Amino acid sequence: MATLVTFHAHPDDECIVTGGVMRKAFEEGHRVVLVVATRGEAGEVPDDLADGEELWQRRVVETHASADLLGVARVEFLGYRDSGMMGDELNGHPGSFWTADVEEAAQKLAAILVEEDAKVFTTYDSFGGYGHPDHIQAHRVGMRAAELAGTPAVYQGMVRESEFREAFRRAGIEEPPPLGEDAVPESEINVGVDVAKYLEVKRAAMRAHASQIPEQSFFLSLDEPTFAHAFGTEWFIREGHGPATELDL
């Protein structure tokens, strides 16, 4: 049994980017650990929050529900604050992940990697998938943490823009604007893991984040073939290695 540690910026990112490989690792007998940088304080606020309930509290509960479905043995939050989208005033909020000292945050994460004797670690590509400041910071912190911990196999998760655009077209939804020139090109992807077998549980994990991924959302409104096209393979960059179809567990 090996340990896979996945590092994400916010609650719900885990099921979208790595839900399939997490469940796959669990079913193959490995230990799965989820580390989340923030508690998603800047997310959509649902109408059904109870009196005195904060959004972050709801999102922590949702994260644990998703983690249970994905086979996660341990969930840890690093304790930073959601920075909001790029350009938001929350970017500079005291305690935001975007303003965190990279070395300090990396040491926190590295301590978990060492404690878990992680063999495989996932974070984000240098653009954070779509340019979100917390995702970009997760790349910086994650790569440095893996270096500090000496973690042998490091994978940078990313979404293939072309697949998402095709999903939007198939669903008849207006496509979002291009990611821009700073996005990591798809040609750098060298690992693609087929997770079609785990799509049902991946979709259930998304539903667990009901405050952010309602039934009418893009993710859950897709028909099964389109959902499979968009989420049936999880894509990564592993620097210094050739093409692969599995994580090195």
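Pick from Phe236, Phe164, Phe168: which is open to solvent by less than 60 Å² (accessible area, probe 1.4 Å) and either touching a Cys at 6+ places or on another chain (Cβ under 9 Å) or over 27 Å from Met143 (Cβ atoms) (or both)?
Answer to the selection: Phe168.
Against the conditions (1) modelled with pLDDT under 95; (2) out of contact with any Ser or Thr (no Cβ under 9 Å at 6 or more places or on another chain), where does Tyr198 fall short? Just the number, please.
(1)
Out of Lys108, Lys119, which single residue is open to solvent by 10 Å² or more (accessible area, probe 1.4 Å), of a type in the set (Lys, Arg), over 23 Å from Asp194 (Cα atoms) and at pLDDT 95 or above?
Going through Lys108, Lys119 in turn, the sole match is Lys108.
Any residue at all in segment 102-122 that is free of Cβ contacts under 8 Å to residues at least 60 places away in the same chain and on the phi > 0 side of the Ramachandran plot?
Looking for residues that are free of Cβ contacts under 8 Å to residues at least 60 places away in the same chain and on the phi > 0 side of the Ramachandran plot, one finds none in segment 102-122, hence no.
Among all residue pairs at least 6 apart or on different chains, which show Cβ distances below 6 Å where the first residue, located in segment 199-223, is under 22 Å from Gln57 (Cβ atoms) and the second is open to solvent by 30 Å² or more (accessible area, probe 1.4 Å) and of a type in the set (Phe, Trp, Tyr)?
Met206/Phe219; Ile213/Phe219
Residue by residue, here is whether (1) among the hydroxyl-bearing types (Ser, Thr, Tyr); (2) out of contact with any Gly (no Cβ under 7 Å at 6 or more places or on another chain); (3) under 25 Å from Gly242 (Cβ atoms) holds:
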| site | (1), (2), (3) |
| --- | --- |
| Glu147 | no, yes, yes |
| Val159 | no, no, yes |
| Arg165 | no, yes, no |
| Arg169 | no, yes, no |
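Name the pairs whose Cβ atoms lie under 9 Å apart, with the first residue in segment 225-249 and modelled with pLDDT of 95 or more, the second of a type in the set (Asp, Glu) and open to solvent by less than 10 Å² (accessible area, probe 1.4 Å), and 6 or more positions between them or separate chains?
Phe236/Asp125; Ile237/Asp125
Return yes when Ser217 is more than 15 Å from Arg23 (Cα to Cα), open to solvent by 50 Å² or more (accessible area, probe 1.4 Å) and either in contact with a strand residue (DSSP E or B) (Cβ under 9 Å, 6 or more places away or on another chain) or among the small types (Gly, Ala, Ser) (or both) and no when it is not.
no
Going through segment 60-101 one residue at a time, which ones are open to solvent by 50 Å² or more (accessible area, probe 1.4 Å) and in a helix (DSSP H, G or I)?
Val61, His64, Asp68, Leu69, Glu89, Gly92, Trp98, Thr99 - these are the residues of segment 60-101 that are open to solvent by 50 Å² or more (accessible area, probe 1.4 Å) and in a helix (DSSP H, G or I).
The values are calculated or read from the model by the stated rules, or taken from the named source; none is laboratory data. Since the structure is predicted, the reported quantities are computational estimates derived from the model, not experimental observations. Cβ coordinates were reconstructed from backbone atoms using ideal geometry, including for glycine residues, and neighbour counts include every protein chain displayed. Accessible surface is based on the protein model in full, side chains and every heavy atom, while ligands, DNA and RNA are left aside. Shrake-Rupley method; radii C 1.70, N 1.55, O 1.52, S 1.80 Å.
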